[in-house]
Amino acid sequence: MEYIINGFVRAIELLLAQDPETYSAIGATLWVSTLSMALSLLIGIPLGFLLGHFDFPGKRPLRTTVDTLLAFPTVVIGLLVYAFISRRGPLGDLGLLFTLPGMALGQTILALPIVIALTATAVESLDQRLSATLRSLGASRRQAALTTLWEARYAVMAAAVTAYGRVVSEVGISMMVGGNIKWHTRTITTAIALETGKGEFSLGIALGLVLMILAFLVNLGLGRLKRRLN
């Protein structure tokens, strides 16, 4: 038990002293997760709205596919992305392997089904009379669509938080696509796995505390945003 307490004490010391190795992993994590979430929200919210709002041929099997991808293993995503962006892959000329943008690409693929599925569910859960009421009041299709999405804003924000939690805590994609390169592509989760395996328990705890703080800040920000939107 003593080594656990010492680990927490050392973790706080590392954070307060702004240990370069620790903050390098934090910076890489923030960079990759922010980029991947921006891409997944930019693509996923419109696609989720279309999937939930409109009826079209093939909607049910498409929805089933999206729901299935929610459980897509991160190591499989990492393997596929690695195959595509490696030197022998079709995207090898882009030089994305063992880079932060390459990791962000993999994490975007991980987050995208979450954003699409939960956004579609949020839109489907709205009162079915909403669209007809808006059209009867003279709203254009664009205005009706934007109003519908606005009514589902809280559930969409919850989808974003859920996706962020999956992205910021994943290990497989970061390890396979990023290579866990010190000072370059090493993230919080890959650093925790590596340092704990080496017996550097205090650094693992320090980075674990940062993950918990990030989760708290994201939820705190969501709560404040909800109050402003009310």
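I'd like to know if the range 148-168 contains one or more residues that are outside any helix (DSSP H, G or I) and among the charged types (D, E, K, R).
Within the range 148-168, not a single residue is outside any helix (DSSP H, G or I) and among the charged types (D, E, K, R).
May I ask you to list the residues in the range 64-92 that are over 20 Å from the mean Cα position of the chain (by Cα), assigned to a helix (DSSP H, G or I) and modelled with pLDDT of 90 or more? If you could, list the steps in order and put the result at the bottom.
Filtering the range 64-92 down to residues over 20 Å from the mean Cα position of the chain (by Cα) leaves 64, 83-92.
Retained after the next criterion (residues that are assigned to a helix (DSSP H, G or I)): 64, 83-85, 92.
T64, A83, F84, I85, listed by residue number.
Please state which one of T185, T196 is closer than 30 Å to S86 by Cβ, free of Cβ contacts under 8 Å to residues at least 40 places away in the same chain, among the hydroxyl-bearing types (S, T, Y) and surrounded by 13 or more Cβ atoms within 10 Å (Cβ to Cβ).
Within the list T185, T196, the selection yields T196.
Considering only the range 209-224, how many residues are free of Cβ contacts under 8 Å to residues at least 40 places away in the same chain and either touching a Pro at 6+ places or on another chain (Cβ under 8 Å) or not aliphatic (A, V, I, L, M) (or both)?
Residues of the range 209-224 that are free of Cβ contacts under 8 Å to residues at least 40 places away in the same chain, as a first pass: 212-213, 216-217, 220-221, 223-224.
This time we only want the ones that are either touching a Pro at 6+ places or on another chain (Cβ under 8 Å) or not aliphatic (A, V, I, L, M) (or both), so: 216, 221, 223-224.
Here the count works out to 4.
Within the set of pairs 6+ apart or on separate chains, which have a first residue in the range 72-93 that is closer than 16 Å to T108 by Cα, a second that is surrounded by fewer than 15 Cβ atoms within 10 Å (Cβ to Cβ) and at pLDDT below 95, and C-beta atoms under 7 Å apart?
F84/P90; I85/G92; I85/L94
When the residues of the range 66-82 are filtered to those that are open to solvent by 70 Å² or more (accessible area, probe 1.4 Å) and of a type outside the set (A, V, I, L, M), which remaining residue is farthest from S174 (Cα to Cα)?
Ranking the candidates gives T68 first.
Checking the structure you have, find out if any residue of the range 45-63 is of a type outside the set (V, I, T), within 25 Å of V171 (Cβ to Cβ) and surrounded by 13 or more Cβ atoms within 10 Å (Cβ to Cβ).
The answer is no, given that none of the residues of the range 45-63 is of a type outside the set (V, I, T), within 25 Å of V171 (Cβ to Cβ) and surrounded by 13 or more Cβ atoms within 10 Å (Cβ to Cβ).
Can you tell me how many residues in the range 119-163 are of a type in the set (G, A, S) and modelled with pLDDT of 80 or more?
9
Which pairs have Cβ atoms under 6 Å, sit 6 or more apart or on different chains, and link a residue in the range 8-26 that is of a type in the set (D, E, K, R) to one that is part of a helix (DSSP H, G or I)?
Listed pairs, sorted by first residue: R10/S202.
Are any residues in the range 10-44 open to solvent by less than 60 Å² (accessible area, probe 1.4 Å), under 18 Å from W183 (Cα atoms) and modelled with pLDDT under 85, and if so, which ones?
L14, L15, D19, E21, T22 - these are the residues of the range 10-44 that are open to solvent by less than 60 Å² (accessible area, probe 1.4 Å), under 18 Å from W183 (Cα atoms) and modelled with pLDDT under 85.
The values are calculated or read from the model by the stated rules, or taken from the named source; none is laboratory data. It should be emphasised that the depicted structure is a prediction, and the values quoted were computed from it without experimental measurement. Ideal geometry is used to build each Cβ from the backbone, glycine not excepted, and the neighbour counts take in all protein chains shown. All accessible areas refer to the heavy atoms of the entire protein, side chains included, with ligands and DNA or RNA removed. Shrake-Rupley method; radii C 1.70, N 1.55, O 1.52, S 1.80 Å.
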